[in-house]
1. Take the alpha carbon gyration tensor of the stretch 19-76, find the square roots of its eigenvalues, order them as a ≥ b ≥ c, and report rounded if a/c is under 1.5; if not, report prolate when a/b exceeds b/c, else oblate.
2. Calculate, for ARG31 and ARG94, the FRET efficiency according to 1/(1 + (r/R0)^6) with r their C-beta to C-beta distance and R0 30 Å; round to the nearest 0.05.
3. Distance between the C-alpha centers of the stretch 8-35 and the stretch 80-135? Whole Å please.
4. Per DSSP H run of at least 4 residues, take -39500 (n - 2.57); add these up for the chain, divide by its residues and hand me the 222 nm value, nearest 500 deg cm²/dmol.
5. Determine ³J(HN,Hα), in whole Hz, for all residues of the stretch 100-108 in sequence, where each value follows from phi through the Karplus function 6.51 cos²θ - 1.76 cosθ + 1.60 and θ = phi - 60°; x replaces Gly and Pro.
6. Starting from the Cα of LYS85, step 7 Å toward the Cβ, then list every residue of the stretch 1-18 with an amide N under 16 Å from that point.
7. For the stretch 13-52, which GluC sites (Glu not before Pro) are in a loop by DSSP, counting at most 11 other Cβ atoms within 10 Å?
8. Do you know the relative contact order of the stretch 4-133, to the nearest whole percent, from alpha carbon pairs under 8 angstrom that are 6+ apart?
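We did not get these values from a lab; they are worked out from the coordinates using the rules stated. Every value quoted in this text rests on a predicted model; they were computed, and no experiment measured them. Here Cβ is always computed from backbone atoms with ideal geometry, including for glycine, and neighbour counts include all displayed protein chains.
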Amino acid sequence: MESLKINPTSATPFINFNLDTGLFVLSGVSRPEDVMDFYRPVMAWLEELEREVLAKTDIGRELEKIILVFKLDYFNTASTKFILKITKLLSNLRGAGKNLSVSWHYETGDEQMREDGEYISEAADMEFEFLEESE
């Protein structure tokens, strides 16, 4: 299984799920015209990762810790569903003994982005680390 890397566009985020480092990053803007079409391969990749971990394949054994990092400037309502699905799917790996942490980055003063992160954290039943950053 290879790491997943999707380069950003003006409407889609940068996605880099690196299996070597365990650092899984979503950054930029998420407002794809067809949100299901954009996130379908991401979800398929994550489902394959879950199968690998649960089957205790080489990847499943080697990936000890996952750090999920959200550095989103904007995401639309349709993207919220997939951001939540990504978080929940990765949280399933905790049951297989994987250490998972989530950091939610937002710009200083962007209370809406922080509130969105708090909503996703609560909906996924996971603690997030909230990191306020200046530009």
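1. On the way: a/c = 4.30, a/b = 1.70, b/c = 2.52.
Oblate, since a/c reaches 1.5 and b/c is not below a/b.
2. Numbers: r = 30 Å, r/R0 = 1.00.
It comes out at approximately 0.50.
3. Distance between centres, Cα-based: 14 Å.
4. On the way: 4 runs with 54 residues, N = 135.
Calculated mean residue ellipticity at 222 nm is -13000 deg cm²/dmol.
5. Going residue by residue, I get 10, 10, 10, 10, 10, 9, 8, 6, 3 Hz, with x marking Gly and Pro.
6. Of the residues in the stretch 1-18, 13 have backbone N under 16 Å from the label point off LYS85.
7. Working: sites: GLU33, GLU47, GLU48, GLU50, GLU52; in loops: GLU33.
Sparse-neighbourhood loop GluC sites (Glu not before Pro): GLU33.
8. Numbers: 206 pairs, mean separation 28.1, N = 130.
Relative contact order comes out at 22 percent.
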